[in-house]
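Notes to accompany the following structure.
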Amino acid sequence: MQLGGDETRRLADFLAASGSGSVPSDTGGYIVMPTKGSPADVIRALQDLTATDRMDALAMLLREASEKPAILGDLVSRLAADERFIEKAAAAMNLAVYRQVLFRLETMIDDPTVKEGQFQALLEEQPWLFGSEYSCILDRRRWTRDEITDFVPRRTTDGRVELIEIKTPLHGKSLFNWDASHKVWAPGVELSRVVAQAENYLEKLDRNRDGILANDREDVTKMRARIIIGRDRDDDQRDALRRHNGHLHRIEIITFDGLLAIAKRVLRYFEDAPAEQCVVLGT
């Protein structure tokens, strides 16, 4: 095979780079991509790609390309031609992941065999499902000696810490049952039990307020509890839940349908947001 002038130049450049030690010495296959700008620009671009989400997206793209050689050339060409290609690809990858997670949550909610711990594992892995009002999930879950809560997120707006308790959709059971003698929807056993659990936990926090404030700089009297339990598919259940929440203090009940609605709103926001905003949200 005879090399043309441009090919000969590229080969010479590659051999020169190899002789200078720029090419890794490990045995294996490598992709050599043309780049725009000076070597300094390339170095800066590589340094900019240290963000986890961008690197993960690049790894996913390269893995897909290695499994489908036909798109490898197109991938390389786009990387060389568009310096923001990684950001755009990362945004697309993130949205694809979020859609898969949302579908997974919907499937789990409809599956009566899914246990409480499985919901906890998914929400711990994908905290964005709780909504954008939280800035982070704290590592600390124990605030009193005998109690451990499922999640402890910090709100974005005021920095307040909240406690989140995850239960199950209660397949076959309603949150509220009709009390014919009083003509009201009364909380069911499961709902009453978890509300009492949250009340007990908040009471213990209040009793330990001074020690927690001194040691952790958190004012537990401002802490609230959020409970995720059951479903609310009909108007009677939704009205009863709104009424019940309206009379609770420092406790809010959200159904799994409500959680799903929050996650869908978050996804819609990032579907409509520019790519540079989408890429910021990591999991």
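Some notes on this structure:
- Odd one out for residue 253, checked against (1) under 28 Å from residue 122 (Cα atoms); (2) assigned to a helix (DSSP H, G or I); (3) among the aliphatic types (A, V, I, L, M): (2)
- Being among the hydrophobic types (A, V, I, L, M, F, W, C) and modelled with pLDDT of 55 or more is a property that residue 143 lacks.
- Residue match in segment 188-206 (condition: in a loop (DSSP other than H, G, I, E, B) and among the small types (Gly, Ala, Ser)): yes
- Hits in segment 228-260 (condition: in contact with a strand residue (DSSP E or B) (Cβ under 9 Å, 6 or more places away or on another chain) and small (Gly, Ala, Ser)): 230, 240, 258
- Considering the conditions (1) at pLDDT below 80; (2) not in a loop (DSSP other than H, G, I, E, B), residue 159 is excluded by exactly one of them, (2).
- The set of residues in segment 231-254 being in contact (Cβ under 8 Å) with a residue 60 or more places away in the chain and within 18 Å of residue 163 (Cβ to Cβ) consists of 253 alone.
- Among the residues of segment 232-250, the one identified as surrounded by 20 or more Cβ atoms within 10 Å (Cβ to Cβ) and at pLDDT below 95 is 232.
- Sole exception among (1) within 30 Å of residue 102 (Cβ to Cβ); (2) more than 25 Å from the chain's Cα centre (by Cα); (3) at pLDDT below 90 for residue 225, by number: (2)
The values are calculated or read from the model by the stated rules, or taken from the named source; none is laboratory data. Note that this is a predicted model, so its numbers are computed, not measured. Because the Cβ atoms are built from the backbone with ideal geometry, glycine has one as well, and the counts that use them run over all protein chains shown.
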